[in-house]
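The values are calculated or read from the model by the stated rules, or taken from the named source; none is laboratory data. Because the structure is a prediction, the values reported are computed rather than measured. FYI the Cβ positions are ideal-geometry reconstructions off the backbone, even for glycines, and counts take in every protein chain you see. Accessible surface areas use protein heavy atoms only, side chains included; no ligands, DNA or RNA. Shrake-Rupley method; radii C 1.70, N 1.55, O 1.52, S 1.80 Å.
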Amino acid sequence: MTTTPTALPEHALTTAADLRAVREQWGDLLVAIEQAPAATWPPRETRGFLDQLGDAHQDDEQHLGRTPLTLRQHPAPANLTALDAALAVEAALFTACDTLAARYQRPVGAHLLGGGTATAGTMHAVVDEDDRADPRRWTPPTPSGRTLTPGSRAHGLHWAAVWLEGRALGEDQGDGLFSPLGDDVLAGLATVARRARHRVEAALGRDGRTTTLPDPCPWCGGELRARTVPGGEPSAACQTGDQCPAPIDLDRGRRAWQGADLAALWTALHKAREGSVQASSDGES
């Protein structure tokens, strides 16, 4: 039975939130490895939603849907930054799982079988296969000939993040499978989770950066600045102020688009680009 303490330390909850953010964005990071980096906006999490003007949106959704949540070999990655981030995050979380399992996970049990008495030397221990196969367990890699059997790592980063979240929240301690983490260990896990989240979000352009867009505001020609917020929705604002006639509400004196409203801005920018290309073509003819 899964049990969770009624009162958890704040850093335990923060650790769980960071680990959830990592696994929720892991599929995006794997897709990003195959896409050449570009200094464009909006960031990856919004581009698929906004790019409703062609087939690229459907292709991206299908690609993401069939991408396994495990890091595979990439002989010719298009985005080395994304690949380096994925490798580093995967290694950090796998190492944390191995370390915690060795110290805070109960060893696999065994049964004594055989006739006679234990002192007569006829008894022998047999591994409890049900205990070893408990799906809540983390199994570290083990040597197998000249190679390593991956153990639970074969399930990928997603399961590693879920397992670490359970340790941070003190789950499954009622039956003795796991022991509580000490404050120093929990603090170390919090650092691992925080750094992993930052690495993933930085590789995806979701780390709170501000970008000046190359295209002017379609309604007034003013400068557009876009911003991403870790864990939040991206936004864009026209720097002209309340004199901009864009059909969107003011936010701190500027026309600003956020969330679903960005679709209107994205569409207007696309139409403005098309109009510029058409005008250039007519001028040449």
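Data overview
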quantity	calculated
Boolean, ALA133 is of a type in the set (A, V, I, L, M), touching a helix residue (DSSP H, G or I) at 6+ places or on another chain (Cβ under 9 Å) and either modelled with pLDDT under 85 or open to solvent by less than 60 Å² (accessible area, probe 1.4 Å) (or both)	no
Of the criteria (1) open to solvent by 40 Å² or more (accessible area, probe 1.4 Å); (2) in contact (Cβ under 8 Å) with a residue 40 or more places away in the chain; (3) closer than 30 Å to ALA272 by Cβ, which one ARG225 fails	(2)
The range 247-285 - residue that is open to solvent by 60 Å² or more (accessible area, probe 1.4 Å) and part of a strand (DSSP E or B) and, of those, modelled with the lowest pLDDT	GLN258
Sole residue being of a type in the set (Val, Ile, Thr), surrounded by 15 or more Cβ atoms within 10 Å (Cβ to Cβ) and at pLDDT 55 or above, chosen from THR46, THR70	THR70
Residue count for the range 162-209, restricted to those that are closer than 15 Å to LEU29 by Cα and either surrounded by fewer than 19 Cβ atoms within 10 Å (Cβ to Cβ) or of a type outside the set (Val, Ile, Thr) (or both)	11
Cβ pairs under 6 Å, 6+ apart, first in the range 143-160 and in contact (Cβ under 8 Å) with a residue 60 or more places away in the chain, second surrounded by 13 or more Cβ atoms within 10 Å (Cβ to Cβ) and of a type in the set (Val, Ile, Thr)	GLY156/THR70
